[in-house]
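To keep things clear, I will list the structure first and then write my remarks on it.
Derivation of every value follows stated rules applied to the coordinates shown; laboratory data play no part. What you are looking at is a predicted structure, and each value in this text was computed from that prediction instead of being measured. Virtual Cβ from ideal backbone geometry, glycine too; neighbours counted across all protein chains shown.
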Number of protein chains: 2
Amino acid sequence: MEKNLTGPSKFNRTAVSVSEAQALIVPYINKSLIETIPLIEAHGRTLAEDVTSPHPYPFFRRSVMDGFAIHSDDTLSCSKDESVWLEVVDEIPCGFTSSVPVGRGQAARIMTGAHVPDETDAVVMLEMTENKIEDGRTYIRLQQVVTSGTNVTPIGFELDEGELILQGGRQILAGEMSVLATFGIHHVNVYRRPTVAIFATGTELLELEDPLQPGKIRNSNSYMLASQVREAGGEPIMLGSIMDDLALARLKVEEALEKYDLVVTSGGVSVGDYDIMGDLVRQDDVTMLFNKVSMRPGSVTTAAVKGGKLLFALSGNPGACFVGFELFVGPAIRKMMGVNNPYLPEWTAVLGTDYNRRNSFTRFVRARLDIREGMLYALPANIDESGVMVTIKDSDCLIVIPPETEGIKAGEQVKIIKLQGNRMW
Amino acid sequence: MEKNLTGPSKFNRTAVSVSEAQALIVPYINKSLIETIPLIEAHGRTLAEDVTSPHPYPFFRRSVMDGFAIHSDDTLSCSKDESVWLEVVDEIPCGFTSSVPVGRGQAARIMTGAHVPDETDAVVMLEMTENKIEDGRTYIRLQQVVTSGTNVTPIGFELDEGELILQGGRQILAGEMSVLATFGIHHVNVYRRPTVAIFATGTELLELEDPLQPGKIRNSNSYMLASQVREAGGEPIMLGSIMDDLALARLKVEEALEKYDLVVTSGGVSVGDYDIMGDLVRQDDVTMLFNKVSMRPGSVTTAAVKGGKLLFALSGNPGACFVGFELFVGPAIRKMMGVNNPYLPEWTAVLGTDYNRRNSFTRFVRARLDIREGMLYALPANIDESGVMVTIKDSDCLIVIPPETEGIKAGEQVKIIKLQGNRMW
């Protein structure tokens, strides 16, 4: 390895803001291909097209109760002192229609969810009736006026035919499953999960099975990134770690961009001597989108395009790597999967404890959310340096501290960004 | 099918409260078997044991910056007017240790994250130095006093050796991945995902591929339940639907309980005539835990034990089925997977719009959460009947309305239960 004892002159990078950086990426996000899959496999996927109701729902007049379908007019004279007796001429379980007409003065036993006979207009609850059997016929007694439509869910109560029920770009979870199954949509068009190649650069990196050596650390970022990719909906492809070598990195990136939809690396983007990813994105056949973002941690976060595909080169510092993924890579993956709003939600919260650090860049401080009496609190992690790994696991948001802020007191309002996938929410 | 024109006398069920019902289930929740799997496959799983740090982290004194490792004492006389020149005798990239001792009056070029030589005690930032080359030797100029420890992360800064880093029962997400990989824990002991058999009962049920018929509906609950099982961490097993027939249901339940860890059904628990699941749990070889819960929707939610395994018989009404799962089945699955607190979080929120319905039972009203100026708002769905399916997809919480409440005004505080898995959070 050639030694350079003085350091390079690579400090002259132009910083862009987080939102500028996000905007620079957008034109290069290619939506994944659309595939048709069985509904049962579609959990978590994103609909590739609008879905409209092929028929009204409910499709038929449905009984809300176990009871008796009746003509409401037959109850007009009912009162505590005046009973009406109706003859029960049929029974309609769920899944059946009436087998005989229900005339005036008659009723049909009906189950919850069953088809209300066309000629009847109300259902009286089972518990509100008494019954008797005379000459082999069954009668029920009513002592209250029942209004037309009582306990009958009308056709189209929930949805009319042709109504937009689910927009393209919507993620399919339990509620969407229910809707799609209700309308018999047994196959759906969804976006394919993007494949995301992950590798780390750094001569200091050991694989997990290797014994520790002085000066070396294990390649934990690739594992963290794999989880983040999964949470964003992508399919992580683990390509291990490579030593600090530009030619090797180049080869690896080229192979990965050819085979997979997106490449994410960690390490090799410092302003130091071993800025191999930084060098890589400065080469002729690569379009560098940005290599400095006015944020902490992760100011060296770099994005580039080669052969129409995105390459994200994140910091090797765990905290910076984590934040760089959440702000840039996660949204890109979600957009590739067709998600309508791929960015993390931004909310206002109350700062739970004083924050005293001063920054020249916008700082994204790891924090834990808490809800007390309807107020959302953000509690900053006690250690939050870019190189710190241990507080990532306890964070469910990032507090956005604007630059030049002279500390913020507990109780003041702050902007936060809700992180993806955690256990509290 | 035998007809019964008057209705049964099955109304005399004893209602238990939601928390009583949850408590009745607990003794019968068997934790899943523990399996050892590669870390990379462990995303979303629950740790089956405590993890303590096998070594301090960082494991060596680490440079925070790209710069020069120095003896801080050499800078004691530094000021704007008084420079100190140090000879650069080594360069230490990440992953290496120093190759020569760094004496007083000397410095070593060092990279972010690299091993700080034992004899030095501070790192000065690259950007704060100037350099010159004389007689083939490189020197750096310092003009500020540097205190001992500057830019050096001490051994064990994040974690000491033997510290409890992750408790058993914790779910493995990105932050946990990072910690486990950092410590070289390449295989982890986690709980197996429970297999959850799902079937629906009801002669009215069509499969998704079937054309509509009057009085019939598609079996959408099984699909919704499959998504809910996945979100809770289980593996759904789809067993389709069966017609209302006690013997058939019995056979299906027995087979399923033999092969899978848990059985969930929808339908067949009304107080009507086709209460086949209700009848099933009253049989001699089944221990019925409860068959009525003082809640709406889902008051007929039923739980039983047979052969040491849990059977949940949920309402066939989509809304009631959904709520029954979230309150009882989801927590059981999470507990089987070893999750420490398997219940959904309960928060206080501000009611976003008036709620005017009066109930004799506690009502769990589907609602959407919103955060405005740090306050959490819950906006009740406009239609929320137990049979309604269409608002499930837009709900991320349930508002808990106590019984006998005479309506609640917008702006009042309400208790909510955050639902699992949705897109906003």
Self-check item: Separation between Cα centres of the stretch B:119-169 and the stretch A:287-325, rounded to whole Å
Solution: 25 Å
Quiz item: Once phi is turned into ³J(HN,Hα) by the Karplus curve 6.51 cos²θ - 1.76 cosθ + 1.60 with θ = phi - 60°, what whole-Hz value does each residue of the stretch A:331-344 show in order, with x for glycine and proline?
Solution: x, 5, 4, 5, 5, 4, 7, x, 5, 4, 10, x, 7, 5
Practice problem: Starting from the Cα gyration tensor of the stretch A:346-418, take the square roots of the eigenvalues, sort them a ≥ b ≥ c, and report rounded, prolate or oblate (rounded when a/c is under 1.5, otherwise prolate if a/b is larger than b/c, else oblate). | Solution: oblate
Quiz item: Taking the stretch B:176-213, which GluC sites (Glu not before Pro) meet the DSSP loop condition and have no more than 16 other C-beta atoms within 10 Å?
Solution: B:207, B:209
Quiz item: Nearest 20 debye, what's the magnitude of the dipole of the stretch A:1-122 about its Cα centre given +1 on Lys and Arg Cβ and -1 on Asp and Glu Cβ?
Solution: 1260 debye
Practice problem: Fewest Cβ neighbours within 10 Å first, please rank B:295, B:288 accordingly. | Solution: B:288, B:295
Quiz item: Which of rounded, prolate, oblate describes the stretch B:62-153, given a ≥ b ≥ c as roots of the alpha-carbon gyration tensor eigenvalues and a/c under 1.5 marking rounded, otherwise prolate only if a/b is larger than b/c?
Solution: oblate
Exercise. Tell me which residues come under 5 Å, amide H to amide H, from residue B:138 once H is placed; ignore anything under 5 positions away on its chain.
Key: B:88
Exercise. Classify the stretch A:109-268 as rounded, prolate or oblate from the Cα gyration tensor: take a ≥ b ≥ c as the square roots of its eigenvalues, call it rounded if a/c is under 1.5, otherwise prolate when a/b beats b/c and oblate if not.
Key: prolate
Self-check item: 13 Å tail of the calculated P(r), the stretch A:66-118, as % of Cα pairs
Solution: 55 percent
Quiz item: Out of residues 5 or more away from residue B:94 or on other chains, whose amide H comes under 5 Å of its own, with H placed 1.01 Å from N in the peptide plane?
Solution: B:111
Quiz item: Taking only the alpha-carbon atoms of the stretch A:242-283, what semi-axes of the equivalent ellipsoid follow from 5 times the gyration tensor eigenvalues under a square root, in whole Å, largest first?
Solution: 18, 10, 9
Quiz item: Taking the convex hull of the alpha carbon atoms in the protein assembly as shown, what volume per residue do you get, in Å³?
Solution: 160 Å³
Exercise. Take every residue in peptide B:90-99, count the Cβ atoms of other chains within 10 Å of its Cβ, and give the average of those counts.
Key: 6
Quiz item: Given R₀ = 22 Å, FRET efficiency for residue A:13-residue A:284 by Cβ-Cβ distance, to 0.05?
Solution: 0.75
Practice problem: Give me the percent of DSSP beta bridges within the protein assembly as shown that run antiparallel, rounded to the nearest 5. | Solution: 70 percent
Quiz item: With charges set only on the Cβ (+1 for Lys and Arg, -1 for Asp and Glu), what does the dipole of the stretch A:62-153 come to about its Cα centre, in debye to the nearest 20?
Solution: 140 debye
Quiz item: Exactly which GluC sites (Glu not before Pro) in the stretch B:306-415 are in a DSSP loop and have at most 10 other Cβ atoms within 10 Å?
Solution: B:404, B:406
Quiz prompt | Loop trypsin sites (Lys or Arg not before Pro), the stretch B:93-160, which have at most 15 other Cβ atoms in a 10 Å radius of their Cβ (DSSP) | solution = B:104
Self-check item: Sites residue B:346 and residue B:118 - FRET efficiency at Förster radius 51 Å, r taken between beta-carbons, to 0.05
Solution: 0.45
Quiz prompt | Shortest-first distances to equivalent copies, position residue A:358, nm, label 7 Å out along Cβ | solution = 6.3
Quiz item: Using helices alone, what [θ] at 222 nm do you get for the protein assembly as shown, with -39,500 (n - 2.57) per DSSP H run of 4 or more residues, divided over all residues and rounded to the nearest 500?
Solution: -4000 deg cm²/dmol
Quiz prompt | Rg to Rh, two decimals, where the stretch B:158-226 supplies the alpha carbon set and Rh follows Kirkwood | solution = 1.36
Quiz item: Treating the beta-carbon of each Lys and Arg as +1 and of each Asp and Glu as -1, no other charges, what is the dipole magnitude of the stretch A:12-70 about its Cα centre, to the nearest 20 debye?
Solution: 80 debye
Practice problem: Write down the percent of antiparallel bridges among all DSSP beta bridges whose residues are both part of the stretch A:80-213, to the nearest 5. | Solution: 65 percent
Quiz prompt | Overall dimensions of chain B as given by Cα atoms, namely Rg and Dmax in Å | solution = 31.7, 111
Practice problem: Give A:393/B:309; A:31/A:259; A:292/A:409; A:393/B:335; A:418/B:415 a once-over and call out the pairs whose C-alpha atoms are over 26 Å from each other. | Solution: A:393/B:309; A:292/A:409
Exercise. Per residue of the stretch A:389-399, in order, report the coupling 6.51 cos²θ - 1.76 cosθ + 1.60 (Karplus, θ = phi - 60°) as ³J(HN,Hα) in whole Hz, putting x for Gly and Pro.
Key: 9, 6, 8, 4, 5, 9, 10, 10, 8, 10, 7
